[in-house]
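Comments concern the structure below.
What follows draws every value from the coordinates through simple rules; no lab data is involved. These figures come from a predicted structure and were not determined experimentally. Don't worry about glycine lacking a Cβ; one is built from the backbone with ideal geometry, like all the others, and counts go over all protein chains shown.
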Amino acid sequence: MDMDFTREELAFRDEVRAFLDANLPEHIREGARATPSVFVEPDIGLEWQRILHAKGWLAYHWPVEVGGAGWTPVQHYIFEKECALADAPALSVLGLRLVGPVIAHFGTDEQKARFLPRILSAEDLWCQGYSEPGSGSDLASLKTRAVLDGDRYRVTGSKIWTTHAHYANWMFCLARTDADVKAQHGISFLLIRMDQPGITVRPIVTMAGDHEVNQVFLDDVEALVADRIGAEGQGWTIAKFLLENERGGACHAPRLLADIAALKADAMRQPSGINGPVGHDPVLAERIARLELEAQALEVTELRILADLAKGRQPGPQTSLLKLISSNLRQAIDECAVDVHGYAGLQLPQERPLYGNTSPEPIGSKAAQLAAPTYLNGRAWTIFGGSNEVQKNIIAKTVLGL
Ligand SMILES: Cc1cc2nc3c(=O)[nH]c(=O)nc-3n(C[C@H](O)[C@H](O)[C@H](O)COP(=O)(O)OP(=O)(O)OC[C@H]3O[C@@H](n4cnc5c(N)ncnc54)[C@H](O)[C@@H]3O)c2cc1C
C-alpha cells in the first residue's frame, strides 16, 4: 500500500493549514484544549461551525448537492488530521453527522431544503431521542408511542441520556407507530419540535460533574406527518443507518494520535522525583508506544472505511470495530494521562456542581487539571452509541458470522 500523499494532496494539506492558521482564533483553540468533555459545548463549537460554514468546509462529508465539499477520502482524513493538530474543537455530531446524513439520504426534497441549510447555519440544534429507561442496548423494545391524528402524530413517552436536549430546538426521535407487528417493524423516525407544550427536559449531572445529558418527557406532543423521515415503520432501517455513521463515520485516529503526542510531551515535562521525567520510565514509555501503534493501526482501518464511503457504500457493521477500538483507546489514553500527572492528575474542578467548594486552589499544569475530569467524562465512550458488549455481539454475528 502506498501511504504517501500525492502532490495534489500535499497542496490540499497546505491549503487547510493556511486556512486554520488564518481563521481558527486562539480563544476557540483554547476553549477546545480546556474541554474535558466528549461533547463540545455550543459556546465553543458554534463559532467555529459558522467559520467553517462560510468557507464551505463544514459538512464536507455530505453529498455535494446539499452542501458537501466533494472531497476524496484522503482529503477528509487530511482535514480532520490538520484540525486535530491545530486544536480545533470537535464539532457536535448531532446535526452534522447524525440527522443531517439521514435527511440527505432518506428525506424528501422538501425536507432536505427545509432542514439541511438550518443545520449548517446552526439555526437548528438537534438532540437524539433513541434511548429510553429500559431500552438502551435493546433499542427495538422502545415504548414511546406515536398515535396518528390527522396530519400529525401525538407522541407520549420518555427518552433518557439525551445529550444537549437543553440546547436543542429539534429532536430526532424513534417512536412506536404500530404495536401489533414485530418490534423492529413498528418504529418510525419522527422529527419533533422541542419548543412545544408537553416537553420537559430534566438535567442529569454525571459523575464528572457535567450537565450534558438529560431525561426528556414527551406528554402528548405533536410531530407532523410531514416531518416523518421515510415511510411509517421504516424507522429501524433509518436508525441503523444513523448508528453506523455514529459509530464509524468520523475519523477518530487523528485526534487520538494528537492526544498521544500531547501525552508524550507531558510525560517528558513531568518530573518523576527520582530520575528525570516520568517519560523516561521504560514501563510508561512502552505503554505510550503501544497506544501509538494501536492508534496508527486504527488510522489505516479508518482510511479504508473512508474509501468505501467515497464509493457510496455505507460502511456497515464493521463500524462497530472502529467504535470498539477507538473507545477503548480513548479511555486508555485518558487513564495514562491521570497516571502521568500523578497527584495533580487526581483533582476535580471546583465549579463542577457535584464537587462544590471542597478542593483547594488548582495545582499543576492545565493538562494535569484536565486529566481527572477528562478521565471521568470519558467513561461514557464505551457506553454511548452502543456499549462495548453490544459492539462485540454485532461483530461476532454480522462480521465473523458466529
Ligand atoms: C454520555 C452519554 C450520552 C448519551 N447520549 C445519548 C443521546 O444523545 N441519545 C440517546 O438516545 N442515547 C444516548 N445515550 C444512551 C446510550 O446509547 C445507552 O446508554 C447505551 O445504548 C446503553 O444502554 P443502557 O444505558 O440502557 O444500558 P443497558 O442496555 O441496560 O446495558 C447495561 C449493561 O448490560 C450490557 N448488555 C446489555 N445487553 C447486552 C447483551 N445483549 N450482551 C452483553 N451485554 C449486554 C451493556 O453492555 C451494559 O454494560 C448516551 C449515553 C451516555 C453514557
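Worth pointing out:
- Over the residues of the chain, the helix contribution to mean residue ellipticity at 222 nm works out to -14000 deg cm²/dmol, using -39500 (n - 2.57) for each DSSP H run of at least 4.
- When the Cα atoms of the range 1-78 are aligned to their principal axes, the ranges along those axes come out at 38, 28, 25 Å in descending order.
- Candidates D281, D178, D339, ranked by Gaussian network fluctuation over the chain, Cα under 10 Å, top entry: D281
- Distance histogram for the range 208-271 (every C-alpha pair counted, 10 angstrom bins, percent rounded to whole numbers): 14, 19, 31, 18, 11, 6, 0
- For the range 4-144, the percent of C-alpha pairs falling in each 5 Å distance bin, counted from 0 to the bin holding the largest distance, reads 2, 9, 17, 19, 18, 15, 11, 6, 3, 1, 0.
- Using a Gaussian network model of the chain in which every pair of alpha carbons under 10 angstrom is joined by a spring, one finds that among K240, K323, K143 the greatest mean-square fluctuation is at K240.
- Cα shape, the range 101-255, gyration tensor, a/c 1.5 rule: rounded
- Over the Cα atoms of the chain, the radius of gyration divided by the Kirkwood radius equals 0.97; this is the Rg/Rh ratio.
- Rg and Dmax over the alpha-carbon atoms of the range 194-336 stand at 21.5, 68 Å.
- Listed residue pairs exceeding 32 Å between alpha carbons, taken from K55/K311; K311/K392; K112/K392; K311/K397; K81/K143; K159/K392: K112/K392; K81/K143
- Among D219, D87, the ranking by other beta carbons within 10 Å of each residue's beta carbon, starting with the fewest, stands as D219, D87.
- Of S92, S365, S326, the one that fluctuates the most in a GNM where the chain has Cα springs shorter than 10 Å: S365
- Model label sites at R290 and K143, defined 7 Å from Cα along the beta-carbon direction, differ in position by 4.4 nm.
- Note on the range 89-163: the C-alpha convex hull projects to 6.5 nm² when averaged across all orientations.
- Relative contact order %, the chain, counting alpha carbon pairs below 8 Å whose residues are six or more apart: 14 percent
- Sites A18 and S272, calculated FRET efficiency, Cβ-Cβ separation with R0 41 Å, nearest 0.05: 0.55
- Average silhouette area of the range 244-322, convex hull of alpha-carbon atoms, in square nanometres: 5.6 nm²
- Listed peptides 370-382, 30-42 by packing density, highest first (mean Cβ within 10 Å): 370-382, 30-42
- With kT/(6 pi eta Rh) evaluated at 37 °C and eta = 0.692 mPa s, and Rh the Kirkwood radius from Cα pairs, the range 45-127 diffuses with a coefficient of 252 µm²/s according to Stokes-Einstein.
- Equivalent ellipsoid, the range 282-322 (semi-axes from 5 times Cα gyration tensor eigenvalues, Å): 29, 9, 4
- Over the range 251-402: Rg over Rh, Cα atoms, Kirkwood Rh: 1.06
- Distance between modelled label sites at A179 and A113, nm, 7 Å Cα→Cβ extension: 3.9 nm
- Pairs of Cα atoms in the range 140-215 fall into 10 Å distance bins, from 0 up to the last occupied one, in shares of 18, 46, 28, 8, 1 percent.
- If the segment from V64 to E41 were pulled out straight at 0.36 nm per residue, it would be longer than the present Cα-Cα gap by 5.5 nm.
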